[in-house]
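Below is one structure, written out as structure tokens; comments come after it.
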Amino acid sequence: MKVASVLIPLPVPEAFDYEVPGPIEVVRGDQVAVPLGPRLLRGVVTEVRETTGSNRRLKAIEAALDDPPLPDRTVDFIEWAARWTLSAPGEMAQTALKGLRNPAPRPERRVRRVEGRSPARSTPAREAVLAALGDRSTPGPQLARAAGVSSGVIKGLIDEGVLEVVEIAAVAAFDPPRPDHARADLNPDQAAAATAIADGAATKAFSPFLLDGVTGSGKTEAYLEAVARLLAAEPDAQILILLPEIALTQALIERIAARFGATPAEWHSGVAPPARRKVWEAVIAGRCNLVVGARSALFLPFANLRLVVVDEEHDASFKQEDGLVYHGRDLAVARARIEGATVVLASATPSLETLWNAHQGRYGWLKLKARHGAAVLPDIALIDLRQTPPERDQWLSAPLREAMARTLERREQVLLFLNRRGYAPVVLCRACGHRLTAPDTDSWLVEHRYTGRLVCHLTGFSMPRPKACPHCGAEDSLVPVGPGVERVEEEAKSLFPHARTAVFSSDTAPDGRSARALIEAMAAGEIDILVATQAAAKGHNFPGLTLVGVVDADLGLRGGDLRAAERTFQLLTQATGRAGRADRPGRALLQTWTPEHPVLQALAAGDRDAFVEAEMAERELASLPPFGRLAALILSSENPDALEKTARALAEAIPNAERLEVYGPADAPLALVRGRRRKRLLVRADRDVDLQGFLRAWLARVKVPGSVRLSVDVDPYSF
Ligand code: ADP
């Protein structure tokens, strides 16, 4: 009997076996419909084997589906990614099939010549049709237009049996990019980087690179040139460019369209299902060279993936934390390895992991040393708030206000950066001291004045701002505590009533289109003061912007997170890097209560190496990433007893292992979310320990009850 292993969308660690009934032929990668209880599910075959004897308990594959089989390497990647992240391979496979949610488009009806048949009676109109058609197949109306005849002429030829109608499944093709369409003259650093990347791709072996250059040094221009060279050498090559955020995709797509004279495909959660189907089918058919997307684009079934670019590779948004837990950058490197492709990790502030790999010689290290053209990096200075504290309930110090005034006088633009959405991060009752939280959740409600609501940024819960304290009932006692971007905008408006202000955050720019509108308004000089969260900190180009004020440079440094320093350094480098990109020099002022902090000192000195060296030394001392590895197990449940028991069972079942420690169980950083309590166990291991093997052995020893949810986070981003 023939048996197939099939990945189906269930949270189980293995493929399911099904009998392959006689008339059905399947191979690895084929899509099939299989029964599960009363349902039929779409699955992917990973293996087909002959078994002796019969296994009556096996159900049979219902049907082989018409959709194209996944390429072998795509299946390899899915299996590898599932093993690496300890996720269910069937659920990983579903991400690769996301383009198929929409039904297949109706096949296209075309006419073509029936071989050996000529019209009994020839007319000029008929001759024109046959000449226009040649030996191709063409939709009837298009043919009529091309030949300049009425549709009756074509119908007559069909009735006579000279032409026939055929149905062709329409796979859209994307216009091929033209490598020479609008080439830029590269500077020597850029040219060297582009050559190295293109040479790497030409080897057809896995070639990883770090493309390291300050903001505005022309990294994008350099990797696009590598794309051009690759396409000139291999017109079938497929290239994937990953961005951390959807808001950034539109700008890059336009830039690529201008560079290559062809619009690339776009892939992220904001793309509508019919368009997704089109991209998916074109990608698997090899009829699409360039895809720009978010991390989920990694799971597209590329026919011939030759180059993957991860732009802003350090960005935390590449880590997906709900549903499947994975790091897009790490999986991009893995995908390139499996495909024998080249991967480029680009950043002005690479992650310590990537820098370490470059230091070790595992990644080629391509450096762009200066900003392109005349632009220089902004001059960064610290404002010591201990010397010039703002007034009560104000956030902009006198030196920052003065700098803003001078900038506005020169008709230049100001960006105030504060990585906090809304008006105030906390709402407090003056009468009883109660801080408002979302129901059954540990996180504070954030006041939003634009909408008049209190919002939980963790769960999305929101409510109108109440008149009375929900705890003690006191009237008019609720006060906002601390600043968010809306509150800073209010202050800027009252200081500069004639300035045009705007807020840029995920609230005011929730989607690509609204983000684009704000970016364009800023680029066109229609905004004088932009108050922004990290949503505007990266990637954009504002020629008139010459002053960046960081409202609270200490914000990310509080709290004991592993990456607090790294993330703050990256974020503030990106934010301050927005200033002075064109011909006017820029300035950045960082407000801080701790100007002696090494991260801020390194920023002010523009000394990334010093920061990296100090931070690496600390990580090495503690054997933390990149010198060791981490994994987190998060347990959550509405039932505190079950949670407690499971946590204890896990703690008692820890397998013996060397050079590895387990910490906890302890309350997770957010110990209560939507009524679910959360506990965490943390594993630290030396780099050469088989961490996944340890986790698998461990989890196999414990039965987790249905009332408890267990999620595994390998290489957690924060802890
Ligand atoms: P990065 O990706 O490093 O931030 P970009 O590639 O976006 O840098 O380049 C910054 C700016 O400089 C862009 O406006 C880009 O068009 C321009 N630029 C970069 N390299 C060149 C070049 N070789 N010739 C002309 N303009 C360039």
Work out the FRET efficiency for Glu526 and Glu254 from their Cβ-Cβ distance, taking R0 = 22 Å, and round it to the nearest 0.05. 0.70
Would you mind checking the range 452-477 for residues with the amide N under 12 Å from a putative spin-label position 7 Å along Cα→C-beta of Asp322? 457-461
Loop chymotrypsin sites (Phe, Trp or Tyr not before Pro), the range 598-694 (other Cβ atoms within 10 Å of the site Cβ: 10 or fewer; DSSP): none
Taking only the alpha carbons of the range 263-351, the radius of gyration and the largest Cα-Cα distance, Dmax, both in angstrom, are 13.0, 37
Express the Stokes-Einstein translational diffusion coefficient of the range 206-275 in µm² s⁻¹, to the nearest whole number, given a Kirkwood radius over alpha-carbon pairs, 4 °C and a viscosity of 1.567 mPa s. 94
Using 16 Å as the cut-off for backbone N distance, which residues of the range 504-546 belong to the label zone defined by a point 7 Å from the Cα of Ala184 along Cα→Cβ? 539-543
What GluC sites (Glu not before Pro) in the range 1-108 are in a loop by DSSP, with at most 16 other Cβ atoms within 10 Å of the Cβ? Glu14, Glu25, Glu62
Students often forget the sequence filter, so: which lysines lie under 20 Å Cα-Cα from Lys367 once same-chain residues fewer than 8 apart are removed? Lys219, Lys538
If you find the alpha carbon centre of the range 221-267 and of the range 493-522, how far apart are they in angstrom? 28
Shape box of the range 185-306 [Cα atoms, principal axes, largest first, Å]: 43, 30, 25
So if the hydrodynamic radius of the range 1-93 is defined as the Kirkwood radius over C-alpha pairs, what does Stokes-Einstein give as its diffusion coefficient at 25 °C and 0.890 mPa s, in µm² per second? 185
Directionally averaged shadow of the chain, computed from the convex hull of its alpha-carbon atoms, nm²: 40.0
With n ≥ 4 as the cut-off for DSSP H runs, can you work out [θ] at 222 nm for the chain, using -39500 (n - 2.57) per run divided by the number of residues, rounded to the nearest 500? -9000 deg cm²/dmol
Given the range 659-709 reduced to its alpha-carbon atoms as identical point scatterers, what log10 I(q)/I(0) does the Debye formula return at q = 0.16, 0.18, 0.29, 0.32 Å⁻¹? -0.61, -0.74, -1.13, -1.18
Could you let me know the centre-to-centre spacing of the range 355-430 and the range 70-142, using Cα atoms, in angstrom? 51
Furthest towards positive pole of dipole, Val343, Trp444, Pro389, structure part the range 318-449, Cβ charges: Val343
Between His359 and Arg648, what FRET efficiency follows from the Cβ-Cβ distance if R0 is 41 Å, with the result rounded to 0.05? 0.45
Could you please report the charge total around Ala700, scoring K, R as +1 and D, E as -1 over all other residues with beta-carbon less than 15 angstrom from its beta-carbon? +1
DSSP-defined beta bridges in the chain - what % are antiparallel, rounded to 5: 55
What's the extension gain from Ala63 to Gln387 if we count 0.36 nm per residue and subtract their Cα-Cα distance? 109.2 nm
Environment charge at Val149 (Cβ cut-off 12 Å; Lys +1, Arg +1, Asp -1, Glu -1): +2
Anything over 22 Å Cα to Cα? Flag those among Lys278/Lys319; Lys679/Lys703; Lys319/Lys703, in the order listed. Lys278/Lys319; Lys319/Lys703
At q = 0.12, 0.15 1/Å the base-10 log of I(q)/I(0) from the Debye formula over the alpha-carbon atoms of the range 290-405 is -0.66, -0.82
For Arg136 and Asn102, what does the FRET efficiency come to when R0 = 25 Å and r is the distance between their Cβ atoms, rounded to the nearest 0.05? 0.30
Nothing charged except the Cβ atoms of Lys and Arg (+1) and of Asp and Glu (-1): what's the magnitude of the dipole of the range 189-311 about its Cα centre? Round to the nearest 20 debye. 400
Mind checking which lysines have their C-alpha under 22 Å from Lys59, skipping anything on the same chain fewer than 8 residues away? Lys2
Dmax and Rg, reported as Rg then Dmax, of the range 431-575 (C-alpha, Å): 17.3, 52
The alpha-carbon center of the range 201-218 and that of the range 311-330 are separated, in whole Å, by 19
Modelling each spin label as a point 7 Å along the Cα-to-Cβ direction, I'd like the Leu710/Cys432 distance in nm, to one decimal. 4.1
Quick one: pull the percentage of alpha-carbon pairs in the range 120-195 with a separation above 14 Å. 71
Using the Cα centre of the chain as origin and beta-carbon charges of +1 (Lys, Arg) and -1 (Asp, Glu), tell me which of Val702, Ile246, His314 is placed farthest towards the positive end of the dipole. Ile246
From zero outward in steps of 5 Å, how is the percent of C-alpha pairs of the range 1-157 spread across the bins? 2, 8, 15, 14, 10, 7, 6, 6, 8, 9, 8, 5, 2, 1, 0
Under a plain spin-label model, where a point goes 7 Å from the Cα along Cα-to-Cβ, how far apart in nm are Leu495 and Leu458? 3.3
For a test of the definition: using alpha carbon positions, the gyration tensor, and the 1.5 limit on a/c, classify the range 603-706 as rounded, prolate or oblate. oblate
When Lys278, Lys703, Lys204 are ordered from fewest to most other Cβ atoms inside 10 Å of their Cβ, what list results? Lys703, Lys204, Lys278
Listing Met404, Met522, Met1 from the residue with the fewest other Cβ atoms within 10 Å to the one with the most, what is the order? Met1, Met404, Met522
Log10 I(q)/I(0) at q = 0.18, 0.23, 0.24 Å⁻¹ for the range 409-487, from Debye over equal alpha-carbon scatterers, is -0.70, -1.05, -1.13
Extent of the range 314-371 along each principal axis, from alpha carbon coordinates, in Å, largest to smallest? 40, 26, 20
Within the range 686-719, list the residues whose amide N lies under 17 Å from a label point set 7 Å along Cα→Cβ of Leu670. 709-713, 716-719
Find out how many positive minus negative residues lie around Asp686, taking Lys and Arg as positive, Asp and Glu as negative, among other residues whose Cβ is under 9 Å from that of Asp686. +2
Looking at Val114, Gly90, Ala104, which one has the Cα that reaches farthest to the positive end of the dipole of the range 72-117 (charges on Cβ: Lys, Arg +1; Asp, Glu -1)? Val114
So how strong a dipole does the range 288-412 carry about its Cα centre when Lys and Arg Cβ are +1 and Asp and Glu Cβ are -1, to the nearest 20 debye? 460
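Where a number appears in this text, it was derived from the coordinates with a stated rule and is not lab data. Not measured: the values here are computed from a predicted model. Reconstructed Cβ throughout: ideal geometry from the backbone, glycine too, with neighbour counts over all protein chains shown.
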